[in-house]
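Read the structure below first, then the notes.
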Amino acid sequence: MSIDIAVIDYGMGNLRSVSKAIEHVAPGCRAVVTGDPREVAAAARVVFPGQGAMPDCMREMESRGLRQALLDAARDKPFLGICIGLQMLFEHSEEGDTPGLGLLPGRVRRFPAERMKTPDGEKLKVPHMGWNEVEQVPHALWAGIPDRSRFYFVHSYYPEPADAALVAGWSAYPFRFACAAARANVFAVQFHPEKSHVAGLRLLANFVAWRPAT
């Protein structure tokens, strides 16, 4: 039986929430939570979630033999990265001085303690946790989602793309940072669409229907 959507399981994601959200928006699709590279290769679409520490995520992904399957999927399938699944696409993370997959040029940086203050001088907590507005850069996956809709974030690090053309969305905490990146068939977000109610479900539905130009 063919697999419509593979949700990558490398032991570091809230996979039940992601898979349930996909089932909700696409009840006719066969979504499989899998750590099997062969199933990833067979799937028409791939979702790459993740949470936790970047060194642990990279180690688990490597130990399960998923690197090449992920690289292949990101080359030619509709591909959605979520949270650490966004950060791992870049070249390097400050978290544990960790190399990433290098699919997107740029680095992942920690929120700097000296800048984590409101205009009134109030100290902001890290990790950044809660609902924040997202300023959209035009892309098919934002269809039907009002600009500056709020999404749910939980993170201490953020991507810094080397190419401004990769940025698909911005948020602020307290300074402006890229919270979504896109290139060709790849779209990835720092926030959690599966926890972001109506806007998040619409983004997932848009991904299921997405036909990237080839």
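The values are calculated or read from the model by the stated rules, or taken from the named source; none is laboratory data. Since we're looking at a predicted model, the values are computed, not measured. We place every Cβ from the backbone using ideal geometry, glycine too, and count neighbours over all the protein chains shown. Side chains are part of the model used for accessible areas, which takes the heavy atoms of the whole protein and leaves out ligands, DNA and RNA. Shrake-Rupley method; radii C 1.70, N 1.55, O 1.52, S 1.80 Å.
Here are some notes:
- Residue among GLU39, GLU62 that is open to solvent by 50 Å² or more (accessible area, probe 1.4 Å), in contact with a strand residue (DSSP E or B) (Cβ under 8 Å, 6 or more places away or on another chain) and not hydrophobic (A, V, I, L, M, F, W, C): GLU39
- Test: residue in region 196-203 that is under 24 Å from MET116 (Cβ atoms) and open to solvent by less than 30 Å² (accessible area, probe 1.4 Å): yes
- Residues that are open to solvent by less than 50 Å² (accessible area, probe 1.4 Å) and out of contact with any Leu (no Cβ under 7 Å at 6 or more places or on another chain), drawn from region 12-22: MET12, GLY13, ASN14, LEU15, SER17, VAL18, SER19
- When restricted to residues that are open to solvent by less than 40 Å² (accessible area, probe 1.4 Å) and part of a strand (DSSP E or B), region 101-127 contains 3.
- Residue check, VAL25 surrounded by 18 or more Cβ atoms within 10 Å (Cβ to Cβ) and within 16 Å of LEU203 (Cα to Cα): yes
- For region 10-64, the set of residues classified as among the aromatic types (Phe, Trp, Tyr) and either more than 18 Å from the chain's Cα centre (by Cα) or part of a strand (DSSP E or B) (or both) consists of PHE48 only.
- Qualifying residue in region 148-161 (condition: more than 18 Å from ILE84 (Cα to Cα), in contact with a Lys or Arg (Cβ under 8 Å, 6 or more places away or on another chain) and not acidic (Asp, Glu)): no
- Exclusive hit being open to solvent by less than 10 Å² (accessible area, probe 1.4 Å), over 19 Å from TYR10 (Cβ atoms) and at pLDDT 95 or above, set SER171, SER149: SER171
- Which numbered condition ASN206 misses (of (1) over 22 Å from ALA31 (Cβ atoms); (2) at pLDDT 95 or above; (3) open to solvent by 10 Å² or more (accessible area, probe 1.4 Å); (4) of a type outside the set (Phe, Trp, Tyr)): (1)
- Scanning region 42-51 for residues that are modelled with pLDDT of 90 or more and open to solvent by less than 60 Å² (accessible area, probe 1.4 Å) gives ALA43, ALA44, ARG45, VAL46, VAL47, PHE48, PRO49.
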